[in-house]
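The values are calculated or read from the model by the stated rules, or taken from the named source; none is laboratory data. Quick caveat, the model's predicted, so the values are computed rather than measured. All Cβ positions, glycine included, derive from the backbone under ideal geometry; neighbour counts span all protein chains shown. SASA here: full protein model, heavy atoms, side chains in, ligands and nucleic acids out. Shrake-Rupley method; radii C 1.70, N 1.55, O 1.52, S 1.80 Å.
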Amino acid sequence: MRIGVISDTHGLLRPEAVEALAGVDHILHAGDVGDAGILERLRAIAPVTAIRGNVDRRGVCRALPATEAVELGGRLVYLVHSLGDLDIDPVAAGVAAVVSGHSHRAEVRERGGVLYLNPGSAGPRRFDLAVTVARVEVGTAGVVARIVELL
């Protein structure tokens, strides 16, 4: 299963992000959507699971859950916008991957057998950080993520 992961769009869905997510089976948005229209545009690519971030305080995005667990390709994935708000023990909960955003810094790491993925920010550029999304493959080898730099 191919999963696209995006975060911190802050109301901007770049054409490069749409292109990078093309062909995935499911999309995860880790919050700070900024505009509900972005979720509709992503749904034109694949089904979407999205959570709210700290900027999603008004409109439709305010109704998004703060966290979400979703099973994809037989693996449990947990979404939380900021790792500082992680409210479960991923190992005890049987989570294969924790997906977060907030920092705008792309990162892939493993701890205790759990993949931690921050796809970085796909929205307006902040500081000198790259504009990124991530692609995840779920299969017999487990959960494998890679960062895709857009700009």
Yes or no: region 86-94 includes at least one residue that is modelled with pLDDT under 95, more than 29 Å from D128 (Cα to Cα) and open to solvent by less than 60 Å² (accessible area, probe 1.4 Å). no
message: Any residue that is open to solvent by 50 Å² or more (accessible area, probe 1.4 Å), over 17 Å from A17 (Cα atoms) and at pLDDT below 95 - is there at least one of those in region 107-121?
response: no
Here the residues within region 130-143 that are at pLDDT 95 or above and either farther than 17 Å from P90 by Cβ or small (G, A, S) (or both) are A130, V131, T132, V133, A134, R135, E137
Across (1) in contact with a Lys or Arg (Cβ under 7 Å, 6 or more places away or on another chain); (2) crowded, with 24+ Cβ neighbours inside 10 Å, S100 clears everything bar (1)
Log entry, pairs with first residue in region 91-111 being within 20 Å of A66 (Cα to Cα) and in a loop (DSSP other than H, G, I, E, B), second being among the small types (G, A, S) and modelled with pLDDT under 95, beta carbons closer than 9 Å, six or more apart or on different chains, reads A96/G142
Here the residues within region 112-151 that are more than 20 Å from T9 (Cβ to Cβ) and assigned to a strand (DSSP E or B) are V114, L115, Y116, E137, V138, G139, G142, V143, V144
When restricted to V55, V18, V48, V60, the only residue open to solvent by 10 Å² or more (accessible area, probe 1.4 Å) and at pLDDT below 95 is V60
Filter region 21-45 for residues that are under 18 Å from E149 (Cβ atoms) and surrounded by 22 or more Cβ atoms within 10 Å (Cβ to Cβ); the one that is farthest from the chain's Cα centre (by Cα) is L21
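Every residue, every condition in (1) under 25 Å from V114 (Cβ atoms); (2) in contact (Cβ under 8 Å) with a residue 40 or more places away in the chain, yes or no:
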{"residue": "S7", "(1), (2)": "yes, yes"}
{"residue": "L13", "(1), (2)": "no, yes"}
{"residue": "V18", "(1), (2)": "no, no"}
{"residue": "H26", "(1), (2)": "yes, yes"}
{"residue": "D32", "(1), (2)": "yes, yes"}
{"residue": "A36", "(1), (2)": "no, no"}
{"residue": "G53", "(1), (2)": "yes, yes"}
{"residue": "V70", "(1), (2)": "yes, yes"}
Note on region 1-60: residues hydrophobic (A, V, I, L, M, F, W, C) and in a loop (DSSP other than H, G, I, E, B) are M1, L12, L13, A22, V24, A30, V33, A44, I45, A46, I51, V55
Considering region 63-82, residues that are surrounded by 15 or more Cβ atoms within 10 Å (Cβ to Cβ) and not in a strand (DSSP E or B), and then whichever is farthest from the chain's Cα centre (by Cα), we arrive at G73
